[in-house]
Amino acid sequence: MRVALKLTLALVVGIALVQAAYGWSRIRRESALFEEDMRRDHRVLGKALAVTLAHVWSQQGRAAALEVLEDANIQHSHVDISWVGLDGVGLDESSGAGEPAVRELRAAAEAGREWARIRNGAADEDRLDTVVPVLVGGEMVGAVRLSESMAPRREYVRTSIVRAVSAAGLSVGVSAGFVLVLGFWFVGRPIRGLVQQARRIGGGDLSVRGRSRQRDEIGMLARELDAMCDRLAEARDRVAAETASRLAALEQLRHAERLTTVGKLAAGVAHELGTPLNVVLGRARMIASGEVVDAAARDNARIVADQAERMALTIRHLLDFARHRPAQRAVTDLAPLVEQVQVLLTPLARKRNVHLRLETGERPCRAFVDAAQFQQALTNVVVNGIQAMNGGELTVSLSQTRRSAPEQPDRPPREHACVTVTDRGPGIRPDVLPRIFDPFFTTKEVGEGTGLGLSVAYGILRDHDGWIDVRSEPGRGASFSLWLPMEGP
């Protein structure tokens, strides 16, 4: 239920209760006043008749007094006026009280006061009975009884109730409408504006402002919400700047690590270029000296071109690996990327008497990756395996399977590409295994590693929603599995 409606209902209920209490109190008071007026009228009329009857009784006798009483009864049509004898005749008929009523009458006369009470008449009609003693020569000779219906009072009370209910209903209706309009204008409308502002803030729009001019608590809340937007915007800009700086630093770190790897590969590449350079030099001298002519010269020239292309390809692979380029992800077949890494690292592997063996499946393994970053991650893992071996065979295999990510075991399995690098080195000690992906952690000799290769590879795989599994037994080598989701973005 809305706040404005709640306030309206609360105020309406409160006003209705107050009006009801006031109306009930007023009706009771007016009913009591009406009854008191009737009693007072009875007393005044009864005493006047008692004095008149006493005078007539003493001067003209009982019969004349009763005739005066009968004339008074005719003149006052709204009141029944009758005579009550000392034996209670007239009183008993009118009140149905019998002997107790006579005793009450005598007691009232002896005390010099009138006697009045309300009784139930015919058809449940309440009547006010008043009996005033008539004293002649100090002795009570009878009493004047006045009996009047209470129907006017009941009608007056009913009319008062109708008026009170009508006034209360009108007051409640006007108050409800007034409060509802004010509640909507000063509570409902500003709160809806705050709700819309909060929703836009939740959606990431921190430019929205409430611009409330109210000087109450809602206005204070709106101004605090605006101030919160300013602080959130500042914090977002600060976080964005820090994130950009960290990403730039991370990219520079990856590039620096890539250049470090290039330095490691340079010696192997130089050795790899030595043989084709010697072939090119020898064949070129033969052509220049005229030792070979015609068809033989053409064959030697073709050999020179083949060797030059071979050297250019080797250098191009090295330059592609070293070049710093912005990240560009696309659905890419991983097999050619793995083959390029094999070609690039073959010279380094030969220097350490390591043979690189590549195993790719028949089906293409496509993943949404940045080719250069993936090659860097794979190169770091393969170089780590080559450096851990003193000769032997290092296997790079490419496969695909369905499985769930280790960090999300409850999610349904999805298709993943897996590149597994298995070396025949000494393996990884159990106490070292949890730290191999920590930055700058290395077990190599000084000058052989920076401690960033596996850390950078782990970060690249994580950025691609992948991960790296490691299995190792001391003395039996290690196996690194690089997992990447095969679906697109």
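The values are calculated or read from the model by the stated rules, or taken from the named source; none is laboratory data. Only a predicted model underlies this, so the values are computations on that prediction, with no experimental measurement involved. So basically every Cβ, Gly included, is an ideal-geometry build from the backbone, and we count neighbours across all protein chains shown.
Of the residues contained in segment 17-35, one or more are found to be within 30 Å of residue 218 (Cα to Cα) and either touching a Gly at 6+ places or on another chain (Cβ under 8 Å) or assigned to a helix (DSSP H, G or I) (or both).
Every residue, every condition in (1) assigned by TED's automatic domain parsing to the domain that holds residue 247; (2) acidic (Asp, Glu); (3) modelled with pLDDT of 85 or more; (4) more than 28 Å from residue 251 (Cβ to Cβ), yes or no:
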{"position": "320", "(1), (2), (3), (4)": "yes, yes, no, no"}
{"position": "333", "(1), (2), (3), (4)": "no, yes, yes, no"}
{"position": "337", "(1), (2), (3), (4)": "no, no, yes, no"}
{"position": "340", "(1), (2), (3), (4)": "no, no, yes, no"}
{"position": "344", "(1), (2), (3), (4)": "no, no, no, no"}
{"position": "350", "(1), (2), (3), (4)": "no, no, yes, yes"}
{"position": "353", "(1), (2), (3), (4)": "no, no, yes, yes"}
{"position": "357", "(1), (2), (3), (4)": "no, no, yes, yes"}
{"position": "363", "(1), (2), (3), (4)": "no, no, no, yes"}
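Looking at segment 441-489 only, could you name the residues that are at pLDDT 90 or above and of a type in the set (D, E, K, R)? Result: 469, 471.
When the criteria are applied in full, residue 148 meets the requirement of being at pLDDT 80 or above and crowded, with 16+ Cβ neighbours inside 10 Å. It is to be established whether one or more residues within segment 36-50 are hydrophobic (A, V, I, L, M, F, W, C), over 22 Å from residue 138 (Cβ atoms) and surrounded by 12 or more Cβ atoms within 10 Å (Cβ to Cβ). The answer is yes, given that some residue of segment 36-50 is hydrophobic (A, V, I, L, M, F, W, C), over 22 Å from residue 138 (Cβ atoms) and surrounded by 12 or more Cβ atoms within 10 Å (Cβ to Cβ). Out of everything in segment 417-439 that is part of a loop (DSSP other than H, G, I, E, B) and touching a residue at least 40 places away in the same chain (Cβ under 8 Å), what residue ends up being nearest to residue 377 (Cα to Cα)? Per the stated criteria, the residue is 423. Within segment 197-207, the set of residues being in a helix (DSSP H, G or I) and touching a residue at least 12 places away in the same chain (Cβ under 8 Å) comprises 197, 198, 201. The set of residues from segment 377-416 being more than 30 Å from residue 475 (Cβ to Cβ), touching a residue at least 12 places away in the same chain (Cβ under 8 Å) and either basic (Lys, Arg) or outside any strand (DSSP E or B) (or both) comprises 402, 405, 407, 414. Only one entry of 412, 406, 336, 430 meets the criterion of being more than 23 Å from residue 456 (Cα to Cα), within 50 Å of the chain's Cα centre (by Cα) and surrounded by fewer than 20 Cβ atoms within 10 Å (Cβ to Cβ), and that entry is 412.
The set of residues from segment 205-229 being over 26 Å from residue 12 (Cα atoms) and either polar (S, T, N, Q) or at pLDDT below 75 (or both) comprises 206, 207, 208, 209, 210, 211, 212, 213. Contact annotation: residue pairs with Cβ atoms under 8 Å, 6 or more positions apart or on different chains, pairing a residue in segment 161-181 that is closer than 18 Å to residue 27 by Cα with a partner that is in a helix (DSSP H, G or I) and of a type in the set (Gly, Ala, Ser), are 161/23; 164/23; 165/23; 167/23; 168/16; 168/20; 168/23.
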